[in-house]
Amino acid sequence: MALTGTVNRIHDNMYEGNGVQNITEQKFMDRVNKGEKINLLQEAPNSVSIEISEEGKNLIQRTLSVRQEGNIVAPVSYEERVKLLQESLKPAQKLHIIIPNIQTNDKLVKSLKGADENIAGAAYSIIQNDLLPHNIGNLTEDERIELISVGLEKARFLADRLEDDKADSFMEAMNTIAKYGMNGKTNQRGNVTYDIRWGAMVGAPDDYISTGELMQKIAPEQYKTYSAMHSEAIKKNDEKLAFKAVRFLINWEINAYKTNSQAIETVKTEQVNWKKNMDATKINSHYTGTDRTDADSFIKSILAQNKTLNADFLFDNLQSFVDSL
């Protein structure tokens, strides 16, 4: 018996630096009984977070509580419950990074939903290694830009292997991420920084900005106070403190619109202009007609079109990509 669910990257401070937590069976069941939405960190090599659906929680609770012996319903022993719990909590998939733009991340996640984990893993590797690398080592700026084009060719190779209705949205997301990369700034040490903003919620106007992000930009000290309350409330599972944090946020927003509306409008305008700039970014790739029939043909085709990158570096990059599939 294996339950699958939505896997999310954990950003909350309560998890950072804590490593993998041991969740006892009793602690888990207590939380289930409270009707909580549960995130478990299992003691597994790839440390994943698993979000179990209501159906899954009910199934676990049911199987851990009783067993059927003919016409008699008997309690399950402690050993049996532990075994059932371990079987039930099979990881669904690995953790992946979150793209710090709400709409882009939503599009990417939805396009990869149901895809083979190797495909999803390869997609996120493209983002980390080719489109948005944190450090490019000895690569020149021209080589960094060339690597973005190579990353998009690799993304097209993956898109060919996705369901038809998801391939287009996947490439839309990857092209947007590539534009974030094109606007990156590299320092003398090869570290690259990117101006990626959370942006509007899915379906919201371009100038929509969350209260939390507004506070962070306009009143950073007050945001630190709110963030600390919010994190502590989650860590302690303290509903009163969580309510206090929300009330603090709401009161700040009401006051900000009354007393500092011009600053809010400035932030909104900046966000709209940022999005326009990203949308207008051009990716002038010279990779055309790449042969994506199979892995070998793909590698040979990319190498033949390469004009800037070191051949050995590029070959290793491509080989690592196809080996991951």
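The values are calculated or read from the model by the stated rules, or taken from the named source; none is laboratory data. As the structure is a prediction and not an experimental result, all values here were calculated from the model. Cβ coordinates were reconstructed from backbone atoms using ideal geometry, including for glycine residues, and neighbour counts include every protein chain displayed. Only protein heavy atoms, including side chains, enter the accessible area calculation; ligands, DNA and RNA are left aside. Shrake-Rupley method; radii C 1.70, N 1.55, O 1.52, S 1.80 Å.
Can you confirm whether the range 120-134 contains a residue that is open to solvent by 40 Å² or more (accessible area, probe 1.4 Å) and not in a helix (DSSP H, G or I)? Walk me through how you get there before you give the answer.
Of all residues in the range 120-134, those open to solvent by 40 Å² or more (accessible area, probe 1.4 Å) come to 125, 128-129, 134.
Checking which are not in a helix (DSSP H, G or I) leaves us with 134.
Checked against the condition, which is being open to solvent by 40 Å² or more (accessible area, probe 1.4 Å) and not in a helix (DSSP H, G or I), the range 120-134 yields at least one hit.
In the range 244-292, which residue that is in contact (Cβ under 8 Å) with a residue 60 or more places away in the chain and more than 30 Å from ASN306 (Cβ to Cβ) is surrounded by the fewest Cβ atoms within 10 Å (Cβ to Cβ)?
Restricting to residues being in contact (Cβ under 8 Å) with a residue 60 or more places away in the chain and more than 30 Å from ASN306 (Cβ to Cβ), the top hit is THR269.
What number of residues in the range 253-269 are farther than 20 Å from GLY199 by Cα and of a type in the set (A, V, I, L, M, F, W, C)?
Going residue by residue through the range 253-269, those that are farther than 20 Å from GLY199 by Cα are 254-255, 258-260.
Next, from what is left, pick out any that are of a type in the set (A, V, I, L, M, F, W, C): 254.
Of the residues in that region, 1 qualify.
Any chance you could count how many residues in the range 270-325 are part of a helix (DSSP H, G or I), within 27 Å of ILE196 (Cα to Cα) and among the aromatic types (Phe, Trp, Tyr)?
2
So VAL150 passes all but one of these: (1) surrounded by fewer than 21 Cβ atoms within 10 Å (Cβ to Cβ); (2) within 19 Å of GLN305 (Cα to Cα). Which condition number does it fail?
If we test VAL150 against (1) surrounded by fewer than 21 Cβ atoms within 10 Å (Cβ to Cβ); (2) within 19 Å of GLN305 (Cα to Cα), just (1) comes out false.
State yes or no: is ALA115 among the aliphatic types (A, V, I, L, M), outside any loop (DSSP other than H, G, I, E, B) and open to solvent by less than 70 Å² (accessible area, probe 1.4 Å)?
Values: among the aliphatic types (A, V, I, L, M): yes; outside any loop (DSSP other than H, G, I, E, B): no; open to solvent by less than 70 Å² (accessible area, probe 1.4 Å): yes.
In short, no.
Whether any residue in the range 101-111 is over 15 Å from the mean Cα position of the chain (by Cα) and either assigned to a helix (DSSP H, G or I) or closer than 25 Å to LYS275 by Cα (or both) is what I want to check. Walk me through how you get there before you give the answer.
Of the residues in the range 101-111, the ones over 15 Å from the mean Cα position of the chain (by Cα) are none.
No: zero hits.
So GLN93 ticks every box in (1) among the polar types (S, T, N, Q); (2) at pLDDT 95 or above; (3) surrounded by 18 or more Cβ atoms within 10 Å (Cβ to Cβ); (4) under 19 Å from the mean Cα position of the chain (by Cα) but one. Which box is left unticked?
Answer for GLN93: the failing condition is (2).
So how many residues does the range 136-155 have that are part of a helix (DSSP H, G or I) and in contact with a Ser or Thr (Cβ under 7 Å, 6 or more places away or on another chain)?
Just the residues of the range 136-155 that are part of a helix (DSSP H, G or I), to begin with: 141-155.
Add one more test, that the residue is in contact with a Ser or Thr (Cβ under 7 Å, 6 or more places away or on another chain), and what stays is 141-144, 146, 149, 152-153.
Number satisfying all stated conditions: 8.
Do we have GLN305 as under 26 Å from ASN138 (Cβ atoms) and over 24 Å from the mean Cα position of the chain (by Cα) here? Working first, answer last.
Numbers: under 26 Å from ASN138 (Cβ atoms): yes; over 24 Å from the mean Cα position of the chain (by Cα): yes.
Yes: the conditions hold for GLN305.
For (1) under 18 Å from GLU270 (Cα atoms); (2) modelled with pLDDT under 90; (3) touching a Pro at 6+ places or on another chain (Cβ under 7 Å), each residue gets a yes or a no:
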position: LYS179; (1), (2), (3): yes, no, no
position: PRO205; (1), (2), (3): yes, yes, no
position: ILE209; (1), (2), (3): yes, yes, no
position: GLN222; (1), (2), (3): no, no, no
